Amino acid sequence: MTMPLFAAQLTPADFSYCAGVRGAVKAESLYQVHLGNEIIQKAGAGLEDLRLFDASDKETPLVVIGNVPPHETIETYPLEITGYDNDASSAVVIMKLPQKHKAISILNLETSDRDFKKRIVLQGSSDNRTWEPVLEDTIYDFSSQVNVRKTKLEFAPTNARYFRLRIMDVKPQAADQPSIKLSYKDLDFSVNGVQKKDLRIHSVQGSTGMPAEKRPVYDQKTFTDLAPAQDKDGNTVIMLPAGLPVDTVSLDIANPYYYRNVYLYGSSTGKEDSWQFLANEVIYRFPLSSEQHEEKNILEHHVPKQAYYKIVVMNKSNPPLEVKAVTFSWVQQNLYFIALRSGERYSLCFGNTRIRRPDYDIARFVNQNTLSQHSFERLELSALQAGSGPSPTLGDRVAGMEKIVLKIVVVLLVIGMGFWLYTLLKKTPEKK
C-alpha cells in the first residue's frame, strides 16, 4: 500500500535507517551531502524515500542531483588535406582545420579499408612551420577475424590549426624474438601485424570532445568474492547481490587474451525465473605487439538499481576466463538542502517503501542546469543507525491476519483428513 503524497507528517521513527549530518550550518546557506554506497543500497530504487529532519523532527526540503555537468555541444570540423608524401615505409599527410575553430582533442580517420595495423605519429602546428608532438599511437582493423577496429585518435586538447600525420607499417619482430600467435576456434591472427598494405583515408574529422571537467563523476563498488560457476553449456555465470544502479560494469580478467560475448541480467529476488536481460557487450584482450595490448573489459549501459545481478560469459569451446573482480560504477548522487536556521542539527532518514517522492520547491531553482550558479559547502554523514521502520498499516495487519487464518485452516484440514482416514480404516473389515 502506498501512502498519499500529502499524508500525516512523517518522523524519523517511520524509517528503517537514519544518519546524522555532521557539521555546523548557517541559515539560508546551501549544503551538499554525498550519498555513499551504503545509502544507495539501502534506500529506495530511485532514492524517493530520502527525508531530511531537523532537531524538531520537521522535514527540511532537499533535492538529489547526479554529478553530471550540463550538456555541452561537441563541435566537429572537417580537415582539409593540403599535402601528401610517401616512401617505402611510411606516408605523411598534412591537414588543416577551418580558420574559426575551437581546440580539438579527437581526430577521426575515415577509411573503408579492412585488416590493417599501422603506427602513427601526430604533430600539430599553428603556422604550418613549427611542429609540436601531439600523439603516438596505433590504428588497426581485424574485422575479417573479430569485430575490433580503431581509427579514432584521442589526445589532450590543442589549439593547433595544422596537423602532420605520419602513418607507418608496424615493424615485424626480429627473428630471435618470440612470436606470439592469437589462435582459438574461429579467431586466428598474429601480433606481428596483418599483410602490409597502403591505407586509403577518405576524410578526417576533428572534434572538440568532452573535457574532463565536463564528464560525469562516478562512484563505484568492487566485488572480489565472486564464486563463478559454469552452466550446462559451459558458460561462466557470476551472481552478485549488489542492490546498486549501474552505468558501467568492469571485469578484471587474468587471461592474456580472449574475445567473449558477455550478458548482464537483473532481478529483484535472485530466483531462477526472475531474471531480466539488461545488456550485452563483447569484451576482448589481444596483443598488438609483445609490449602493447588492446583490451575492452567494460559493459556500458545505464541500469536502474537491481537487487541482484547475473553476469554470463559465453565461453563457446574455450576454457573459462579467470575473472578476479567485478566493479560496478554509477553516476555519483549528491543531496542538497538549504539550512533554515543557524546551528540546526539534521538527520537523513530512508528505508520506507510506502512513501512517494516529495515535491519540494528547492528543485525548481537548485537543479542540474543551475547548480554551477550556486555556491555551497560540503557536509558529511555519521554512521547509519537502524530505526524501528514504518509502522504496519491496516492493510499489513489484514494481510498478516489472512496468513494466520490460512495457516489455521490448513492445519484443521490436515487434522480433519487424518481423522477421516483413521475412521475409514477402522470401518474396513479385516480379511480372514
Discussion item. Per-residue counts of other Cβ atoms within 10 Å, averaged by peptide: what ranking do you get for 153-160, 281-288, 108-115, 343-350, highest first?
Written reply: 343-350, 281-288, 153-160, 108-115
Discussion item. Which residues among the stretch 264-305 fall inside the zone where the amide N is under 19 Å from a point 7 Å beyond the Cα of residue 317, along Cα→Cβ?
Written reply: none
Item to complete: Could you pull the Cα extents of the stretch 1-150 along its three principal axes, largest to smallest, in whole Å?
Response: 81, 42, 27
Practice prompt. Mind checking the full-extension length gain between residue 136 and residue 307? Use 0.36 nm per residue of separation minus the Cα-Cα distance, one decimal, nm.
Written response: 57.2 nm
Fill in: By average C-beta atoms within 10 angstrom, highest first, the peptides 357-369, 257-269
257-269, 357-369
Worksheet, complete the sentence: Here the gain from full extension of residue 127 to residue 202, 0.36 nm per residue of separation minus their alpha-carbon distance, amounts to 24.5 nm
Item to complete: Given the peptides 76-89, 47-60, arrange them by the average over their residues of other C-beta atoms within 10 Å, most packed first.
Response: 47-60, 76-89
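Each reported figure results from applying straightforward, stated rules to the coordinates on display, with no laboratory input. Predicted, not measured: the structure shown is a model, and the values here were computed from it. Neighbour counts are summed over all protein chains in view; Cβ atoms, including those assigned to glycine, are modelled from backbone coordinates with ideal geometry.
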